[in-house]
Amino acid sequence: MKKLHLILILLLSISTFSQTENGLNRYKSKKESEYVNQIDSVMSKSYERGLFNGNVLVAKNNKIIYQKSFGFTDETKQTVLNNKSIFNIGSIAKEFNAVSIMILVERGLLNLDDPISKFNLGLPKWAEKVTIRHLINYASGIPKIESGLSAVTDADAWRILRSSDNLLFEPGTNYKYDNGNVFLQRRIIEKVTGMSFQEFVIKNIVKPLKMTNSVFDPKFGYKNRTSCYDMDNVRCPEMNFISGWLWVDINDLYKWIDAMNHNRLISKESFQMLLNNPYAKDEGGSLGRYFEKEDLQRHNGVSYKFESIFLNDFKNNFTIILVSNNLNKVWDLGHIIHNLMLGKDYEIPKKSVYQAIRKESLDNVDKAIETYHLLKKNSKNEYSFENPGELNKLGYELLRLEKTKESIIIFKLATNEFPKNANLFDSLGEAYFINKQYDLALESYKKAISLGGTNGNAEKMIEKIEKEMSK
């Protein structure tokens, strides 16, 4: 009888456990379904509002729960994006050289504290005090190889680095994010391995991770390659930069992130070393920015109008990736998805005021102001009128196009709309200064200071203006 009683208790326990487990699974499934619906609502609405063109992937507990393509491969809008579309991921591609360095360190072929003079690269004497550790953390102080958007080839990079005798600062004492550090990492990998950087990455990263749709520096017309374009549907220029940029589709990018998370290529210790920049903790390093408190990695990349971002949340075990060929709201959307998955408040991005009046501003700024007020009167809830950055961005675009008077009109509108925003008065001051309206520039900068200042910029400009006026 006792045995029968025990059997009944055991059966009841198993039944209860099974029901509980099924209940948890249903809860997980319901929660996952909520995520998917919310993410899809955010992304679909953003696409409809012209705020995103690209691919998105979200994984939770090492499983892809949402993946979708929005928009087109180029400015002709003839071919829709799909999950095999390959993108320029900008600075995120710098991860491949940093991890390659760590692979060689773990194989005993390199030491992070090796001076780069050890590799006989024909560099000036400063190479004796710059180490590989400095390079991977952008703390080397080596001369800049780029200025603005001018193209820099491998030959240009060698010429600049080999002909510059002075460092920008003593290695390890400061931080400067520049592709010269990336260029030298790639050349050191080649020196040590006897193969090109591209060959090393393909053999040791791309093939082992089955990143089947990734390719280095693809030319226009390559299968599945996207082209970036702007809001006027004008294609970005195809320019040559230093070699060694791996273009990927969104699935291959996820394979890469997942491999880092599970130490498939380098140890956990090496991964943590790359995540934490000892020289500039708040700046990040080769793997983007690491937020220790949240246990979150964030890396974004921009190249012309290509933009990408991923948020790798170790604490909650989810990954969010967005890749785009039409620079817009990628950064914002990545954080919005992160917030909704954390159960925090979020808001679907509104239509851009900047986009709505930009084209008109270039032709007739007075007409653009009329449109602005009309939209605010009739469609206030649809557009981002509460964001001062929209008008500030437009004002600076006009300034860059040497439409200074038009930029002043836009900045004046911005300061009227946001009378307590110090940054906008700082921007207006700059436009007045460029237009040599020094009295008005002084007035604007003083107003910026009275509103809290702009990290000392207004004070510096006032000093500069007073010197100019005293001549």
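Observations on the model:
- Subset of segment 360-412 that is under 25 Å from the mean Cα position of the chain (by Cα) and of a type in the set (Ser, Thr, Tyr) - its residue that is nearest to Glu443 (Cα to Cα): Tyr396
- In a residue-by-residue description of segment 168-188, the property of being farther than 30 Å from Pro237 by Cβ and touching a strand residue (DSSP E or B) at 6+ places or on another chain (Cβ under 9 Å) applies to at least one position.
- Restricting the search to helices (runs of 4 or more DSSP H) fully inside segment 90-167 and requiring at least 3 residues that are more than 25 Å from the chain's Cα centre (by Cα) gives 94-106, 154-163.
- Qualifying residue in segment 224-235 (condition: at pLDDT 95 or above and under 30 Å from Glu292 (Cα atoms)): no
- The residue of segment 315-335 that is modelled with the lowest pLDDT, among those that are open to solvent by 20 Å² or more (accessible area, probe 1.4 Å) and touching a helix residue (DSSP H, G or I) at 6+ places or on another chain (Cβ under 8 Å), is Lys329.
- Residue that is most open to solvent (accessible area, probe 1.4 Å) [pool: residues in segment 420-458 that are of a type in the set (Ser, Thr, Tyr) and part of a helix (DSSP H, G or I)]: Ser450
- Considering Ala356, Ala368, the condition of being over 19 Å from Gly429 (Cβ atoms), open to solvent by less than 60 Å² (accessible area, probe 1.4 Å), touching a strand residue (DSSP E or B) at 6+ places or on another chain (Cβ under 8 Å) and not hydroxyl-bearing (Ser, Thr, Tyr) is satisfied by Ala356 alone.
- All positions within segment 110-125 that are open to solvent by 50 Å² or more (accessible area, probe 1.4 Å) and either at positive phi or in contact with a Leu (Cβ under 8 Å, 6 or more places away or on another chain) (or both): Asn120, Gly122
- Filter pass, Ala414 being among the hydrophobic types (A, V, I, L, M, F, W, C), assigned to a helix (DSSP H, G or I) and closer than 23 Å to Lys367 by Cβ: yes
- If the condition is being assigned to a helix (DSSP H, G or I) and surrounded by fewer than 20 Cβ atoms within 10 Å (Cβ to Cβ), then segment 399-411 contributes Arg400, Thr404, Lys405, Ile409.
- Filter result for Arg298 (charged (D, E, K, R), at pLDDT 95 or above and within 23 Å of Phe183 (Cα to Cα)): yes
The values are calculated or read from the model by the stated rules, or taken from the named source; none is laboratory data. Note that the coordinates shown come from a computational prediction; the quantities given were computed from them, not determined experimentally. All Cβ positions, even for glycine, are placed from backbone atoms using ideal geometry, and neighbour counts span all protein chains on display. The accessibility values were calculated without ligands, DNA or RNA, using every heavy atom of the protein model including side chains. Shrake-Rupley method; radii C 1.70, N 1.55, O 1.52, S 1.80 Å.
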